[in-house]
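Here the structure comes first, spelled out in structure tokens, and everything after it is commentary.
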């Protein structure tokens, strides 16, 4: 049975108000057994920090993990039932989904709380836990370019909804507190759960991620693997900062050196790379469709090429070389805003032209910049292990009481 919140019944203001009041009182009923709800963003999938905590929680009998989605169930989500046979997987507007939303003691999100809107807006009795989706380097929220007083007032109101917000270190906490206007006590410095997929033993990975990892290994085939994972671009006519001649030159070098370069497009820009990489023999695409967890890919990467994406911060935990291709740094910093003087924290060679990038690829050394990598790593990561998800579970359990 599906209770569609967009139906004519729910649009009748009187009935909608009565339903809100009923759900408000129902939400205070005893919550047994302990149930934690994980909200998949609209159009997204269970991945990253959400997936890591669900995976860790699934093996523990004391708490029931429920995954809620609000869009059409994808093939990937259906496969979750094969990997986790006893997992609860419900649509938000189904009867079981509605029941779970009223009886859960914790709700885990990675963006805004879009789940408890409309007739659910008065529901209480749950702790809202934001696992977020990375460590920011670009200005966001209160520290972003063009942030208005109206935005600030709205975010201050929203901040009161948050029970706990994940953080990787005091540095990360300070940046996020200034960005989304939370108090110090709302942060839990546990480390980022998805780092577990980077550092855990291979046998501890979920079965589908083991399969993805084996595929990456087969593509790598004992060669040095470079990964270029640029951030989302506004100009899709020049997404890599390279034209076809530049790409052909790099491809030729990689072939001569017996190396391979993987491109990890931003999910919104996958199609923009197809024509650029057409005909390449040693440059391949490794999109989120084939390798859903980027930290899984980083396990096999020897050298990361990045720009303004914060992915390189997590790669610091591998202590491997990083190349920064920042051909439009001044323009990007002006338009998007940076949280740091980028040259001060970039722990690797900085390149601004295709020829400089090729030169850095040819000359990269593991030991170069190692001390700076360690310095920046320690700023952003209080923990360098694979127990991040477990720390989240323990801290949330303590918070709920």
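Readers should treat all values here as calculations from the given coordinates under stated rules, not as data from a laboratory. Note that this is a predicted model, so its numbers are computed, not measured. Reconstructed Cβ throughout: ideal geometry from the backbone, glycine too, with neighbour counts over all protein chains shown.
Numerical summary
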| item | result |
| --- | --- |
| Which of 306, 326 has the fewest Cβ neighbours within 10 Å, and the rest in rising order | 326, 306 |
| Whole-number D in µm²/s for the range 127-259 (Stokes-Einstein; Kirkwood sum over Cα pairs; 4 °C, 1.567 mPa s) | 69 |
| Spin-label pair residue 382/residue 183, simplified geometry with 7 Å Cα→Cβ offset, distance in nm | 1.8 |
| Pairwise FRET efficiency - residue 331 versus residue 204, Cβ, R0 = 56 Å, nearest 0.05 | 0.85 |
| Helix 48-58 vs. the chain, principal-axis angle (Cα, 0 to 90°, nearest 10) | 60 |
| Alpha-carbon centroid distance for the pair the range 209-230 / the range 247-308, whole angstrom | 10 |
| Sorted peptide list for 388-397, 205-214, criterion being average Cβ within 10 angstrom, highest first | 388-397, 205-214 |
| Additional length obtainable on full extension of the chain from residue 17 to residue 290, 0.36 nm per residue less Cα span | 93.8 nm |
| Relative contact order (%) - criterion: Cα under 8 Å, at least six apart; region: the chain | 17 |
| Highest-first arrangement of 106-115, 339-348, where packing means the average Cβ count within 10 Å | 106-115, 339-348 |
| C-alpha long axis of helix 244-257 to longest principal axis of the chain, angle in ° | 70 |
| Protection-proxy order for peptides 129-137, 170-178, each taking the mean of Cβ atoms within 10 Å per residue, highest first | 129-137, 170-178 |
| The chain: angle of helix 207-220 to the longest principal axis, Cα-based, in degrees nearest 10 | 10 |
| Kirkwood-based Rg to Rh ratio, the chain, C-alpha trace | 0.99 |
| Cα centroid of the range 345-401 to Cα centroid of the range 78-131, whole Å | 32 |
| Relative contact order (%) - the range 203-380, alpha-carbon pairs under 8 angstrom, separation at least six | 22 |
| Cα→Cβ-extended label distance, 7 Å offset, between residue 374 and residue 62, nm | 3.8 |
| Contour minus Cα-Cα distance for residue 353 and residue 253 (0.36 nm per residue) | 34.3 nm |
| Calculated over the range 203-380: convex hull of Cα atoms, volume per residue (Å³) | 124 |
| R0 of 41 Å, Cβ-Cβ distance residue 42-residue 362: FRET efficiency to nearest 0.05 | 0.40 |
| Net length gained if the chain between residue 124 and residue 218 were fully extended (0.36 nm per residue, minus Cα distance) | 28.9 nm |
